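J.: The structure under discussion is supplied below as structure tokens; questions concerning it will follow.
The values are calculated or read from the model by the stated rules, or taken from the named source; none is laboratory data. The model shown is predicted, which means the values in this text are computed figures rather than measured ones. Reconstructed Cβ throughout: ideal geometry from the backbone, glycine too, with neighbour counts over all protein chains shown. SASA here: full protein model, heavy atoms, side chains in, ligands and nucleic acids out. Shrake-Rupley method; radii C 1.70, N 1.55, O 1.52, S 1.80 Å.
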Amino acid sequence: MSHEVPLLTARALAKTHGRTKALRDATIELRAGEILAVTGTSGSGKSTLLHCLAGIVRPDEGSVVYAGQRLDQLPDKRLSELRRTEFGVVFQFGQLIPELTAIDNVALPLLLAGVGRAEAHKRAGAWMERFGVRGQEEQRPGEMSGGQAQRVSMARALVTGPKIVFADEPTGALDSLASEQVMAAMVHTAREAGIAVLLITHDHQVAAYADREVRLRDGAIEDSVDFEVAQ
Amino acid sequence: MSTRHILLGLLAGGPSHGYDLKRRHDERFPQARPLAYGQVYTTLQRLVRDGLAEIEGTDSAGGPERTRYRSTDEGARELAKWTGEITPPAPFVTNEIFAKVVCAILASTDPAGYLRAQRAAHMERMRQLTAVKTATDADLATVLSADYALSHLDADLRWMTTTAARLTTLTAEVDAA
């Protein structure tokens, strides 16, 4: 696993919501297999940056390059295909489908990609095991604790074998112990599988799990700290 | 931190030598500043002088002669008193970071740059402690002592973020005074 190869590169991103400049000249690089924390106060542009990088919204200006492709110029169909196969996304509130059991939630991306039900369940079960939620397969999101639900969301984000997981305040709705367990599981699993993680957080204790930190302020990059270098 | 009370606490588990007390201290309080041998022996002598501990005997099993200490009844009472005493919750605000920010404003140097650098150092320490507590062999004492330090560093960082955002107002206030 190399931390030197840029996997995703965004240059001079700008995005305006109405009259608010959410992003201004933001340049950022995500290296293969690294865990990068993007921090900043509320309204600093963290989520907008994640949405631009993950191809969920298109920036007004600037470029986003993933594996040699300009995401900001890719046709919608190709973009959603790429998001489905190469990227995983975890939100603050897991956004699991409440009517489905945990195992069906985790298997869903595989089923959508045409994998057979038995095989999808087998792979989903293996990811649930890695996130320590084996035994919750038949529970629905409403029957699980916040920490369990978030671990199921992470299993769902990783089940397709993405290269990058985008996590937007993944522990924002959890108490400190559950938050710690979710972060430890995510970081351990991502490192083991060599998956890069772009972690949006305003919580320093969560950011401390990362290899590197980029701070946003008023939509611009304020500071970038490589923990392995900053001694 | 009261080394004499901590040694009395360790002696509450049974008589022990200075060397073992030092080793057990460092095990029980992971990530704490390790006790110096000299400090252990000096403190034990003072405990004996004050009647809180006494010499039980000496051992020299195949090595240098070592003095074995035990707590006295008075030592046990002193320890019980200390463990129930309230630690004053921060009676004075001791904040070197704030002092440096104010002095940087007075000296017209770069308080914002200082806060950014301090922030990076704090984050790096938090990352080290997070690695310590998430290591597969970390026991609960290690996790809890790392958590204590992490919570305090986190509080410092939140304070630094607020202060950095309000530097202009603070500068005007300091300059006007």
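J.: With label points built 7 Å along Cα→Cβ from the Cα atoms of A:E129 and B:E54, find their separation and express it in nm.
T.: Each label point is offset 7 Å from its Cα along the Cβ direction, giving 6.2 nm.
J.: Could you tell me which trypsin sites (Lys or Arg not before Pro) in the stretch B:111-177 are loop residues by DSSP with no more than 13 other beta carbons within 10 angstrom of their beta carbon? List each step's numbers first, then the result.
T.: Numbers: sites: B:R116, B:R119, B:R125, B:R127, B:K133, B:R158, B:R166; in loops: B:R166.
In loop regions of the stretch B:111-177 (DSSP not H, G, I, E or B), the sparsely surrounded trypsin sites (Lys or Arg not before Pro) are B:R166.
J.: Stokes-Einstein diffusion coefficient for the protein assembly as shown at 20 °C in a medium of 1.002 mPa s, Rh from the Kirkwood formula over Cα pairs: what value in µm²/s?
T.: Answer from the Stokes-Einstein relation: 86 µm²/s.
J.: Hand me the tally of lysine pairs in the protein assembly as shown: alpha carbons under 24 angstrom apart, and the pair either on different chains or 8 or more positions apart.
T.: 8
J.: Next up: Please give me the summed charge of the neighbours of A:Y66: other residues whose Cβ is under 12 Å from its Cβ, Lys and Arg +1, Asp and Glu -1.
T.: Summing Lys and Arg as +1 and Asp and Glu as -1 gives +1.
J.: Here is a follow-up. Kindly work out what percent of the DSSP beta bridges joining two residues of chain A are antiparallel, to the nearest 5.
T.: 55
J.: What accessible area per residue, rounded to a whole number of Å², is obtained for the protein assembly as shown using a probe radius of 1.4 Å?
T.: 52
J.: Quickly work out the A:Q95-to-B:A141 label distance, labels modelled 7 Å from Cα along the C-beta direction, and quote it in nm with one decimal.
T.: Result: 4.6 nm between the two label points.
J.: Hey, another quick one. Any idea what angle helix B:37-49 forms with the longest principal axis of chain B, computed on alpha-carbon atoms, 0 to 90 degrees, nearest 10?
T.: Tilt relative to chain B: about 60 degrees.
J.: Express the C-alpha Rg of the stretch B:3-84 as a ratio against the empirical globular expectation 2.2 N^0.38 Å, rounded to two decimals.
T.: Here the answer is 1.05, to two decimals.
J.: On to the next question. Average projected area of the Cα convex hull of chain B, in nm²?
T.: 14.5
J.: How large is the Kirkwood hydrodynamic radius of the stretch B:79-177, in angstrom, based on all distinct alpha carbon pairs?
T.: Averaging 1/r across every pair of different Cα atoms and inverting gives 16.0 Å.
J.: Using a 1.4 Å probe and counting only protein heavy atoms, how much accessible surface gets buried when A and B come together, both sides summed, in Å² to the nearest 100? Walk me through the numbers on the way to the answer.
T.: Numbers: alone 10980 and 11700 Å², together 21070 Å².
Approximately 1600 Å² gets buried when A meets B.
J.: Determine the calculated [θ] at 222 nm for chain B from helices alone, applying -39500 (n - 2.57) to every DSSP H run no shorter than 4 residues and normalising by the residue count; nearest 500 deg cm²/dmol.
T.: One gets -21500 deg cm²/dmol as the mean residue ellipticity at 222 nm.
J.: Okay, next question. Angle check, please: helix B:111-134 long axis (alpha carbons) against the longest principal axis of chain B (alpha carbons), in degrees 0 to 90, nearest 10.
T.: 40
J.: Could you compute the FRET efficiency for B:E173 and B:A61, with r as their C-beta to C-beta distance and R0 at 60 Å, rounded to 0.05?
T.: 0.35
J.: Have a look at A:S176, A:T189, A:V214 and report the one farthest towards the positive end of the charge dipole of the stretch A:125-231, computed about the Cα centre with Cβ charges (Lys/Arg +1, Asp/Glu -1).
T.: The Cα lying farthest towards the positive end belongs to A:T189.
J.: Kindly state, to the nearest 0.05, the FRET efficiency for A:R84 paired with A:R58, given R0 = 22 Å and r defined as their beta-carbon distance.
T.: Working from the Cβ atoms, E equals 0.80.
J.: On to the next question. Return the FRET efficiency for the residue pair A:E143, A:H188: r is the Cβ-Cβ distance, R0 is 22 Å, and the value is rounded to the nearest 0.05.
T.: 0.30
J.: Once amide H atoms are built 1.01 Å from N in the peptide plane, which residues 5 or more positions from A:G33, or in another chain, come under 5 Å H to H?
T.: A:A196
J.: Here's a follow-up. Per-residue accessible area for A:E61 at 1.4 Å probe radius, Å² rounded to 10?
T.: 120
J.: Of all the accessible heavy-atom surface of the protein assembly as shown, with the other protein chains kept in place and a 1.4 Å probe, what percent is carbon and sulfur?
T.: Accessible surface attributable to carbon and sulfur in the protein assembly as shown totals 52 percent.
J.: May I ask for the distance between the Cα centers of the stretch A:57-107 and the stretch B:7-53, given as a whole number of Å?
T.: That distance is 58 Å.
J.: Under a point spin-label approximation (7 Å from Cα along Cα-to-Cβ), what is the B:W82-A:T16 distance to one decimal in nm?
T.: Placing both labels 7 Å along Cα→Cβ, they lie 6.6 nm apart.
J.: Kindly provide log₁₀ I(q)/I(0) values, in the same order as q = 0.08, 0.14, 0.18 Å⁻¹, from the Debye equation applied to equal alpha-carbon scatterers of chain A.
T.: Computed log10 I(q)/I(0) values: -0.28, -0.87, -1.38.
J.: Now a separate question. What's the magnitude of the charge dipole for chain A around its Cα centre, counting Lys and Arg as +1 and Asp and Glu as -1 at the beta-carbon? Answer in Debye, nearest 20.
T.: 640
J.: Sticking with this structure for a sec: For the stretch A:106-214, count the residues as N, evaluate 2.2 N^0.38 Å, and divide the Cα radius of gyration by that value, please. Spell out each step's value before the answer.
T.: Working: Rg = 13.8 Å, N = 109, 2.2 N^0.38 = 13.1 Å.
For the stretch A:106-214, the normalised Cα radius of gyration comes out at 1.06.
J.: On a 0 to 90 degree scale, rounded to 10, what angle separates helix B:140-165 from the longest Cα axis of chain B?
T.: 20
J.: Here's a follow-up. Quick one: give the max-minus-min coordinate of the C-alpha atoms of the stretch A:38-158 along each principal axis, largest first, in Å.
T.: 46, 36, 24
J.: If you don't mind, another one. Given only helices, namely DSSP H runs of n ≥ 4 each adding -39500 (n - 2.57), what is the per-residue ellipticity at 222 nm of chain A, to the nearest 500 deg cm²/dmol?
T.: That calculation yields -10500 deg cm²/dmol at 222 nm.
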